[in-house]
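Everything below concerns the one structure shown next.
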Amino acid sequence: MAPSTTDDSSPKRLVVKKLSFMETARNIINKNGVAALWAGIGPALILVINPIIQYTAFEQIKNLVMQRRTAALRAAGSTRAASLSDWDYFFLGAISKLIATTMTYPYIVVKSRLQAGRAEYPSAWAGLQAILAREGVAGLYKGISSKLVQSVLTAAILFAGQKRVYEITKATLTKAGLAKVTA
C-alpha cells in the first residue's frame, strides 16, 4: 500500500489502495511463506467442538429440566406431560452456549493470535502454554465478555426461534394434511 498524491498544486492527500484477495495472498506468501496461509488452521479445526459441546449441554440440561418437571407433576398426581416454554428454550440455549464458549475460548485466543501473525508460537499447544506463562489464566480469556454477549444472545434467540419455527411448520403441515398428529 503505497501512498500517492493526485497532483502537485492541490494539498497532498494520502490515498491508501486496498489490496485484492490475490495481492493480499501474494504479500503473505512473500513475507511469511506459503505455510502462513494456513496459520491458525489447527485451532480452527479443533474449534468445531464448540457446537458439539453446545448441543450436548443443551440436550443434557433440557433432559434434566424435563425429568424434574415430570417428577413434580407426578408428585402432584398429574398425568400430563411436562413441557418447555419458549423462554425455557431461550435460557437453555444461552446456558449451553455459555458453557461451550467458556470451554473453547482459550483456543479462540490462540487461533486469533496465530492468524493475526503477532504470535511466535510453533503450535497451538505452545501458544496456550506461552499465554499461561506470560499472562496467566486471564490471558486465555482476554476479550471473552464481548464474545459471550454476542454468541450467548445469538444462541438463545436461535434455540427459542428454532422451537417456534418447528411448531409453526408442524401445525401448518398438519392442517394441510401433510403430517400426522402425534401425541
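The values are calculated or read from the model by the stated rules, or taken from the named source; none is laboratory data. Remember, predicted model here, so these are calculated numbers, not experimental data. Neighbour counts are summed over all protein chains in view; Cβ atoms, including those assigned to glycine, are modelled from backbone coordinates with ideal geometry. Heavy atoms of the whole protein, side chains included, go into the accessibility calculation; ligands, DNA and RNA do not. Shrake-Rupley method; radii C 1.70, N 1.55, O 1.52, S 1.80 Å.
Among the residues of region 151-183, the ones that are among the β-branched types (V, I, T), more than 28 Å from I95 (Cβ to Cβ) and modelled with pLDDT of 90 or more come to 2 in all. Considering region 27-116, the qualifying helices (runs of 4 or more DSSP H), each wholly inside and each with 3 or more residues that are modelled with pLDDT under 95 and open to solvent by less than 30 Å² (accessible area, probe 1.4 Å), run over 86-116. Pairs are defined by a Cβ separation below 6 Å, a sequence spacing of at least 6 or placement on different chains, a first member in region 47-58 that is within 11 Å of I99 (Cβ to Cβ) and without any contact (Cβ under 8 Å) to a residue 24 or more places away in the chain, and a second member that is part of a loop (DSSP other than H, G, I, E, B) and of a type outside the set (A, V, I, L, M, F, W, C); no pair meets this definition. Sub-7 Å Cβ pairs linking a first residue in region 19-42 that is within 14 Å of A116 (Cα to Cα) to a second residue that is of a type outside the set (K, R) and open to solvent by 80 Å² or more (accessible area, probe 1.4 Å), at least 6 apart or interchain, are A39/Q115; G40/Q115, ordered by first then second residue.
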